[in-house]
Amino acid sequence: MTAAIDIISPEQAVTLPGLFVERVRRTPSACAYRRFDLDDRCCTDISWQEAYTMVGRWQQALRGEGLAPGDRVAIMVRNGLDWIGFDLAALGLELVTVPLYVNDRPDNFAYIIEQTQARLLLIEGVDHWQGITEVHHRLGSLQRIVSLTPACEGDECDLRLVDLDHWLPETATDYVLPGRGGGALASIVYTSGTTGNPKGVMLTHTNILANTWAGALAVPVYPDDLFLSFLPLSHTLERTVGYYLPIMAGAIVAHVRSLERLADDLREVRPTLLVSVPRIYERFHQRINARLAEGPVWKRKLFNLTVTIGWRKFEMQQGRRDWSLDLLLWPVLDQLVARPVRAALGGRLRLAISGGAPLSREIARVFLAVGVPLLQGYGLTETSPVVAVNRLEDNLPQTVGQPLPGVEVKISAQDELLVRGPSLMGGYWQNAEATAKVIDHQGWFHTGDLARLESGGHISITGRSKEIIVLSNGEKIPPSDMEQAIAGDHLFEQVMVIGEGRPFLTALVVLNQPIWHQLASAHSLVVTQDEGLSPQCEQELLQRIAARLSTFPGYAQVRRVLVCQQPWEVADGLLSATLKLRRQQIEARFDREIAELYRGH
């Protein structure tokens, strides 16, 4: 990077809209956003001044709805300028934004709208409208539903529904800043907890600005950096690091066309910064392994040699080992093997961040060895979200790095990681009891993660004090609540949900055999005596499971099921003396079968 750092401090910004206005004032003609044009060509540049005009139009439209400061407005659209325009416009009017996942189930987004009493909802089009019709009776708080594309025609349409083209004015007056300070509520972000329904994390302007500022101090961002935004902006990691941080630093953001086209967009956009959850790196790693498996043995050996030498080079650069003679091979290995891998990620990455869930050491080692500057971090929605991250000059990939500046951490007597600082949430929306359970009287947030502090202040996450599954995309799932819900169907005598670090959830079940055979007979299903299931049998079980999980978040879905023929007993070590599941032992017992369920994913 050649451009000088130009970071806006929280004191200069005061609020998130203030941050945006200060950026426009400093660099009005600089590129803010880069997007694919109508012919799918990369890329059209949008300046900060043009973004300011766009946000003004959104704000004028919102102003016409007669909303009061503090009212909640919800957004359920994909990453793009519409998301940004809506969010900044609403925040400037002192409204509270409630981000929703684009593919969430109707009953789940209805719960969030009900609890927040959101007054306005922004959707994408027909698919969302069809979902809304399923929960129409629960959305009485909404006075307006705005759709980016036409969603309904004829007499059956709701009078509250309007197309964006008819709602958004052609021109706008100047953007209005909020009158209240940084302590005002900015957003309510829903995250899964220990019950089926998610909890609303209340984040203020100050919370988010403090976290963004601390992140910029830990990992510098430059005005000529280019982000590729593809994690949902409803995910706090993407919102803070992939949206507000570029405004603070004056960097450029390009929005991915779709997750399915991520590989193409990486090559076309050629970002310098990438923020992701482990699942994306896992997919690239799987693709590499698949290609190696199809090729000759010598290619696999060459790749393995590249990883070995490349890792030694990384360790030397980190000051953890001396130079060795075999490093002389690196220029050739880099040209033949490592550089093509980096090219698949655009070829210009200055920094790649992984957060939201643990990244396996094997995958981290491969990317670092081929020269991808990968940093693992750690955070939670409740901390806006980043708590810690490795630094380029002090990168221990087996840890989640050191705390951000201004973030305090300590390890409790029970080995739980506690966090305190200005980015800590104000609490859970309308849930004082849940807030009191996680924030003690000294202001320490109890993360539920077990940890230890390594030399140099690096944090290692060693486990969880509560049974929470973290999928490879960062979503957190309470398995015990899901298991209890599934077991409410008498077909399932024992249930264990797994998925830690994996792309989706799987259920291990012991069935009530008389009920199962009766069900199979009624549906003409062929039941075998081994642990394998026919596709028809598995689909029937998955439908029964899905019916029991209808009140859980949309991402809490079981996609595969393994039927265990023998009940789990205390005598075989699969249950504790108090009949609780011994999760590690059960998973180890069925390790081979579980691996088959995830094969190819």
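Every number here is computed from the coordinates shown, using simple stated rules; none is lab data. What you are looking at is a predicted structure, and each value in this text was computed from that prediction instead of being measured. Ideal geometry is used to build each Cβ from the backbone, glycine not excepted, and the neighbour counts take in all protein chains shown.
Order these by the 10 Å Cβ neighbour count, fewest first: Y243, Y555.
Starting with the residue having the fewest Cβ neighbours, the order is Y555, Y243.
Among V277, V387, V307, what is the fewest-to-most ranking by other Cβ atoms within 10 Å?
Ascending Cβ contact count within 10 Å gives the list V307, V277, V387.
Find out how many positive minus negative residues lie around R105, taking Lys and Arg as positive, Asp and Glu as negative, among other residues whose Cβ is under 15 Å from that of R105.
Surrounding charge for R105 is -3.
How many nm separate the modelled label positions at N431 and L177, each set 7 Å beyond the Cα in the direction of the Cβ?
With each label placed 7 Å out from Cα toward Cβ, I get 3.5 nm.
Compare the peptides 204-212, 263-271 by average per-residue count of other Cβ atoms within 10 angstrom and give them in order, highest first.
204-212, 263-271
In nanometres, what is the gap between the two model label sites at Q117 and N512, each 7 Å from Cα along Cα-to-Cβ?
4.3
For Rg and Dmax of the Cα atoms in Å, pick the label among (1) 23.6, 71; (2) 25.1, 78; (3) 26.5, 88 that corresponds to the value derived from the coordinates.
Identified label for the calculated read-out: (2).
Taking the Cα-to-Cβ direction at R41 and at R592 and moving 7 Å from each Cα, how far apart do the two end points lie in nm?
Result: 5.7 nm between the two label points.
Arrange the following residues from fewest to most other Cβ atoms within 10 Å of their Cβ: M248, M202.
The order, fewest Cβ neighbours first, is M202, M248.
If you take the beta carbon distance between K580 and E170 as r and set R0 to 51 Å, what does 1/(1 + (r/R0)^6) give as a FRET efficiency, to the nearest 0.05?
Once the sixth-power term is evaluated, E becomes 0.20.
On a full-extension model of 0.36 nm per residue, what is the gain between L325 and K410, subtracting their alpha-carbon distance, rounded to one decimal in nm?
Here the answer is 26.4 nm.
Find out how many positive minus negative residues lie around V219, taking Lys and Arg as positive, Asp and Glu as negative, among other residues whose Cβ is under 12 Å from that of V219.
Charge balance in the 12 Å sphere: -1.
So which cysteines of the chain have no other cysteine's Cβ under 4.7 Å from theirs?
For the chain, the answer is C31, C537, C564, because their Cβ atoms have no other cysteine Cβ under 4.7 Å.
So what's the back-of-envelope 222 nm ellipticity for the chain, counting only DSSP H runs of four-plus at -39500 (n - 2.57) apiece and dividing by all residues, rounded to 500?
The helix contribution divided over the chain gives -10000 deg cm²/dmol.
Would you mind calculating the gained length between Q130 and A571 on full extension (0.36 nm times residue separation, minus the Cα-Cα distance), in nm to one decimal?
Length gained between Q130 and A571: 153.7 nm.
What residues qualify as long-range amide H neighbours of L375, i.e. H under 5 Å apart, gap of 5 or more or another chain, H built at 1.01 Å from N?
Correct list: A352, I353, S354.
Give me the distance between the Cα centres of the range 432-454 and the range 242-309, rounded to whole Å.
Centre-to-centre (Cα) distance: 34 Å.
DSSP loop (so not H, G, I, E, B), at most 11 other Cβ within 10 Å: list which GluC sites (Glu not before Pro) in the range 356-429 pass both filters.
E393
Enter the Cα centre distance for the pair the range 206-221 and the range 27-85, rounded to the nearest angstrom.
Result: 22 Å between the Cα centres.
With charges set only on the Cβ (+1 for Lys and Arg, -1 for Asp and Glu), what does the dipole of the range 10-213 come to about its Cα centre, in debye to the nearest 20?
That gives a dipole near 860 debye.
With a cut-off of at most 12 other beta carbons within 10 Å, and DSSP calling the residue loop, which chymotrypsin sites (Phe, Trp or Tyr not before Pro) in the range 265-348 qualify? Please list them.
Hits after loop and neighbour filter: W323.
How much length is gained on full extension from K299 to R348, taking 0.36 nm per residue of separation minus their Cα-Cα distance?
Here the segment from K299 to R348 would lengthen by 15.2 nm.
If amide hydrogens are placed 1.01 Å from N in the peptide plane, which non-local residues have theirs closer than 5 Å to the one on R560?
For R560, whose amide H was placed from the backbone, the distant partners under 5 Å are A507.
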